[in-house]
Amino acid sequence: MNIFRLAGDMTHLFSVLVLLLKIHTIKSCAGISLKTQELYAIVFATRYLDIFTNHISPYNTIMKLIFLGSSFSIVWYMRYHKIVRRSYDKDQDTFRHYILILPCLILALLINEKFTFKEVMWTFSLYLEAVAILPQLVLLQRTRNIDNLTGQYVFLLGAYRALYIVNWIYRYFTEDHFVHWITWICGLVQTLLYADFFYYYFQR
């Protein structure tokens with residue numbers, strides 16, 4: 001753990017809290033892509049298969065539980081809550097997100113650090129997380145009407161990944177044999193996808 005990793009984790013946590021704040025207080029999910037939220041639920045479900053078998057620290061376990069619980073609760077609210085689901089813009093959120101899943105799974109089967117079920121699922125979650133934001137970015141480009149909470153949510157997601165890149169750079173120079181090409185490339189791709197959003201966000 002270092003300051004950059006902690007800052008990245010907290011930024012990621014704040015992004016989730018901002019989205020939950022919007023859903024719980026305003027009872028609205030306007031501007032939020034259900035497709036992206038479903039992809040994130042798959043990301044966390046496949047990444048944290050070891051949650052009850054591989055204990056690293058209480059901090060690590062708590063963070064896993066938070067991201068698992070929050071991702072599935074957000075999907076539930078957007079799909080089934082009688083008030084929140086009315087604000088979901090289904091007509092604009094039309095990105096075919098399922099076409100992202102199979103290529104990521106095939107890539108994980110072909111390119112991974114170790115060919116075991118958990119490792120392949122972990123790698124799949126990295127590939128899928130790298131592109132999971134695409135439906136959200138497409139939705140924002142279509143509507144061009146970004147409210148403050150939605151803008152802050154997406155900004156914090158991008159900032160979290162950028163801070164993780166700084167964390168990797170720090171660890172590369174301070175730890176022996178810290179080389180994880182798959183993680184690094186996925187993180188870089190994910191951060192680059194936010195470039196257009198960051199440009200318009202800072203303009204606003």
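The values are calculated or read from the model by the stated rules, or taken from the named source; none is laboratory data. The model shown is predicted, which means the values in this text are computed figures rather than measured ones. In this analysis, Cβ positions are derived from the backbone assuming ideal geometry, glycine residues included, and neighbour counts consider all displayed protein chains. Keep in mind that these areas ignore ligands, DNA and RNA; they rest on the heavy atoms of the full protein, side chains included. Shrake-Rupley method; radii C 1.70, N 1.55, O 1.52, S 1.80 Å.
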When Glu113 is run through (1) touching a His at 6+ places or on another chain (Cβ under 9 Å); (2) surrounded by fewer than 19 Cβ atoms within 10 Å (Cβ to Cβ); (3) within 18 Å of Tyr40 (Cβ to Cβ), the failure sits at (3)
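Here is a check on your reading of the model: is Asp9 of a type in the set (Asp, Glu), part of a helix (DSSP H, G or I) and either open to solvent by less than 20 Å² (accessible area, probe 1.4 Å) or farther than 23 Å from Leu137 by Cα (or both)?
Values: of a type in the set (Asp, Glu): yes; part of a helix (DSSP H, G or I): yes; either open to solvent by less than 20 Å² (accessible area, probe 1.4 Å) or farther than 23 Å from Leu137 by Cα (or both): yes.
Answer is yes for this residue.
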When region 121-148 is checked residue by residue, the ones that are open to solvent by 10 Å² or more (accessible area, probe 1.4 Å), at pLDDT 95 or above and of a type in the set (Val, Ile, Thr) are Val131
Residue within region 33-40 that is open to solvent by less than 40 Å² (accessible area, probe 1.4 Å), closer than 30 Å to Phe178 by Cβ and without any contact (Cβ under 8 Å) to a residue 40 or more places away in the chain present = no
Open item on the list: Going by what's in this entry, would Leu68 be described as more than 26 Å from Leu105 (Cβ to Cβ), in a helix (DSSP H, G or I) and either touching a helix residue (DSSP H, G or I) at 6+ places or on another chain (Cβ under 9 Å) or open to solvent by less than 60 Å² (accessible area, probe 1.4 Å) (or both)?
Closed with: no
Flagged pairs (Cβ under 8 angstrom, 6 or more apart or on separate chains; first in region 160-172, on the phi < 0 side of the Ramachandran plot and without any contact (Cβ under 8 Å) to a residue 24 or more places away in the chain; second part of a helix (DSSP H, G or I) and open to solvent by 40 Å² or more (accessible area, probe 1.4 Å)) are Trp168/Trp184
Checked against (1) closer than 30 Å to Phe173 by Cβ; (2) in contact with a Phe, Trp or Tyr (Cβ under 9 Å, 6 or more places away or on another chain), Leu68 satisfies every condition except (1)
Among (1) in contact (Cβ under 8 Å) with a residue 40 or more places away in the chain; (2) of a type in the set (Ser, Thr, Tyr); (3) part of a helix (DSSP H, G or I), Ser28 falls short only on (3)
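Consider Leu102 carefully, then state whether it is within 20 Å of the chain's Cα centre (by Cα), loosely packed, with under 15 Cβ neighbours inside 10 Å, at pLDDT 90 or above and not acidic (Asp, Glu).
Working: within 20 Å of the chain's Cα centre (by Cα): yes; loosely packed, with under 15 Cβ neighbours inside 10 Å: yes; at pLDDT 90 or above: yes; not acidic (Asp, Glu): yes.
Spelling it out, Leu102 is indeed within 20 Å of the chain's Cα centre (by Cα), loosely packed, with under 15 Cβ neighbours inside 10 Å, at pLDDT 90 or above and not acidic (Asp, Glu).
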Taking region 1-47 and keeping only residues that are within 22 Å of Leu163 (Cβ to Cβ) and touching an Asp or Glu at 6+ places or on another chain (Cβ under 6 Å), one is left with Val43
